[in-house]
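Written out below as C-alpha cells is the structure these notes cover.
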Amino acid sequence: MFGSSVVLSLVPALAADGTVTGKWHLVGNIAGTISDSVCTLTQDGTKLTGACKGEDSTNDVTGTVTDKEIRWSLKSNYNGPDHHICRDARRR
C-alpha cells in the first residue's frame, strides 16, 4: 500500500462568500513520487466540482464541503492502472 500526503500551497483565502471556489495548487508525495497539480474548484452549497490539471492529464473532481471539512476525489491513471484518489482537508 502506498502512503501519501498532500500539502496545499498557494492556497487562496476563502472567497468573500466563504466558499472554496477558486484555484488551488496541490503538491503530493505518493511513495516518494512528487505530484504537482492545479485544481480549479467550484462550490455550490455543499457540492464541490472541478478539475485538476497535472503534468500529463486533467481529471474531473467531485466532492463535498461542510462547515469544517472539504472532501474530494478524482480518478487518475499512473503507469497503467486507474487510481481513485481521495483527499480530505479540515478548516480551522
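Looking at V11, V6, V27, just one residue is surrounded by 12 or more Cβ atoms within 10 Å (Cβ to Cβ), modelled with pLDDT under 90 and outside any strand (DSSP E or B), and that residue is V11.
For the condition of a type in the set (S, T, Y), modelled with pLDDT of 80 or more and surrounded by 12 or more Cβ atoms within 10 Å (Cβ to Cβ), what is the one hit in T64, T33, T46?
T64 is the lone residue from the list that is of a type in the set (S, T, Y), modelled with pLDDT of 80 or more and surrounded by 12 or more Cβ atoms within 10 Å (Cβ to Cβ).
Checking each residue in the stretch 63-92 for being in contact with a strand residue (DSSP E or B) (Cβ under 6 Å, 6 or more places away or on another chain) and acidic (D, E) picks out E69, D82, D88.
The values are calculated or read from the model by the stated rules, or taken from the named source; none is laboratory data. Everything numeric in this text was worked out from a predicted model, so none of it was measured. Glycine gets a Cβ as well: all are built from the backbone with ideal geometry, and neighbour counts include every protein chain shown.
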